[in-house]
Amino acid sequence: MHIPDLTLPTTLANILGKLPSTPPCWALVTTLNQLKKREILQVDMSLLSGHSFEVHILDADMRLHFVADDDHFSVGNNTTVPDLHLAANLADFARMMLREEDPDTLFFNRKLVIEGDTELGLIVKNLLDSVDWSATPLQRFMAV
Amino acid sequence: MPATRPLPELVCPAGSLPALKAAVDNGADTVYLGLKNDTNARNFAGLNFDDRTARDGIHYAHQHGRKVLLAINTYAQGGDISRWHRAIDEGAALGVDAIILADIGLMKYARDRYPDLRLHMSVQSSATNYEAINLAQDMFDIRRAVLPRVLTLDQVKQVIDHTNVEIEVFGFGSLCVMVEGRCLLSSYATGESPNSHGVCSPAKFVRWEHGQQALGARLNGILIDEYQQGEAAGYPTLCKGRFEVEGDTYYALEEPTSLNVMSMLPQIIDIGVAAIKVEGRQRSPAYVAQVTRTLREALDAAGRDKQRFAVKPAWTQALSKLAEGQQQTLGAYNRPWK
Ligand code: SF4
């Protein structure tokens, strides 16, 4: 599977940007908690606990806020400055998740913005890298 | 020189189980990895292998007929060196094909305890001449030495011609320009260095500042570099920072480049290099897959017909995208020094 290099058209982005970000954010934290529960995401929560995260999908102008505690992820509020802020276009986030592209490569190419606690960013990156999708039904979607 | 040399082993990095599988699936002969602690020089939060993932990874590689090396390539620190001893014990128990060591004290420990365990001398040992390598062979029976990225191809040949220890060289990845193992820059800025803490420019000291115009990289408060809009960024290591020297601000030590020896593969095979190493245990499975696939293709092509070997534009393209700073160099290999 190859993700074409596109940015969301402005009209679509405008609509997406105006939608409340709670449903997608809820979907995100639910997925994270599920993956964690099924031990696909082998996460040491003590490394993430107490931290807040923001995923900013630039071309959709959508900001997803979530927080971690000792045992799960939950929807966060977008009023505080997150400890870790990640920003990229939707296609680049998809490439990272599908392992078509290495986050360092996107960062070197200035397509991924990382702000805040750099070490936390590294923990999150390494966590996602360590997921063995071949052990899940999602395998057929993944590049490796 | 024999007419046909065996192809050098392609040695690829793995910071996680998926990366290990990516290396194996894309044609690595050998994979190297580290444990989750400061006994290896990529001691990054969340990276590396615990007992279970190491077991799974080694099983996967062996099932596919590939080898696994365990890097224990930092220097045992101060009062408590038990962690390093335990790492060696663990490697032996896991059944890795060899252990990569830098510290001679650890070489002795491994040799005494596990006479059958194959030992490789790490690049961090900083052995740049055959006498050092032959001495390590005499004393600890090391079977392979990884050369620092500071030698020219002629110098590598010199070493190979005077030792029967296998020689491994770096083929692709970010450059560490100092005679590795002897660099103090990271310690100077942060108090932690690859040899002592297993990491150069630890992430906890790094801050990225997104200004209006430029992206600033700070290491423990020290501004190392600023990247303008659209300018490729690099790792925030001191050696690749821009410094003001006599009124000029430039990359005074090294540009943020990546090493790529693809165009030299025929010579590398000719002089009898035993293995080519890819840097990057800190990188993702996507990087490992792309680099391994590309170098596998290139190595096989060079092996089939050295005379007519030419680097394919597609290979260069695939690798340059992944490179730090998006520039590639032959490093010291093609310098005219003798
Ligand atoms: S500062 Fe540069 S040369 Fe020194 S150890 Fe780090 S990467 Fe290597």
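Under a 5 Å amide H cut-off, with hydrogens placed 1.01 Å from N, A:Leu64 pairs with A:Val55, A:His56, A:Ile57 among residues at least 5 apart or on other chains. From its DSSP helices (H runs of at least four residues, each -39,500 (n - 2.57)), chain B gives a residue-normalised ellipticity at 222 nm of -9500 deg cm²/dmol.
In sequence order, the range A:55-60 has phi-based couplings of 9, 10, 8, 4, 6, 9 Hz under the Karplus curve 6.51 cos²θ - 1.76 cosθ + 1.60, θ = phi - 60°, and Gly or Pro positions carry x.
By the equivalent-ellipsoid construction on the alpha carbon gyration tensor, the protein assembly as shown comes out with semi-axes of 37, 25, 23 Å, ordered largest to smallest. Other residues lying with their Cβ under 14 Å from the Cβ of B:Lys204 contribute a combined charge of -3, Lys and Arg counting +1, Asp and Glu -1.
All alpha carbon pair distances within the range B:99-175 were sorted into 5 Å bins beginning at 0; the resulting P(r) in whole percents reads 3, 17, 30, 23, 14, 8, 4, 0.
With +1 on each Lys and Arg Cβ and -1 on each Asp and Glu Cβ, and nothing else charged, work out how big the dipole of the protein assembly as shown is about its Cα centre, in Debye to the nearest 20. Approximately 1040 debye in magnitude. Counting charges near A:Asp44 (Lys, Arg +1; Asp, Glu -1) among other residues having Cβ under 12 Å from its Cβ returns a value of -1.
Compute the whole-percent fraction of alpha carbon pairs in the range B:185-250 spaced more than 18 Å apart. Of all Cα-Cα pairs in the range B:185-250, 37 percent lie more than 18 Å apart.
What does the charge count near B:Thr329 come to, summing +1 for each Lys or Arg and -1 for each Asp or Glu among other residues with Cβ under 13 Å from its Cβ? For residues surrounding B:Thr329, the net value is 0.
Laboratory data are not the source of any read-out in this text; all were calculated from the coordinates shown. None of the values given here were measured: they were computed from a predicted structure. We place every Cβ from the backbone using ideal geometry, glycine too, and count neighbours over all the protein chains shown.
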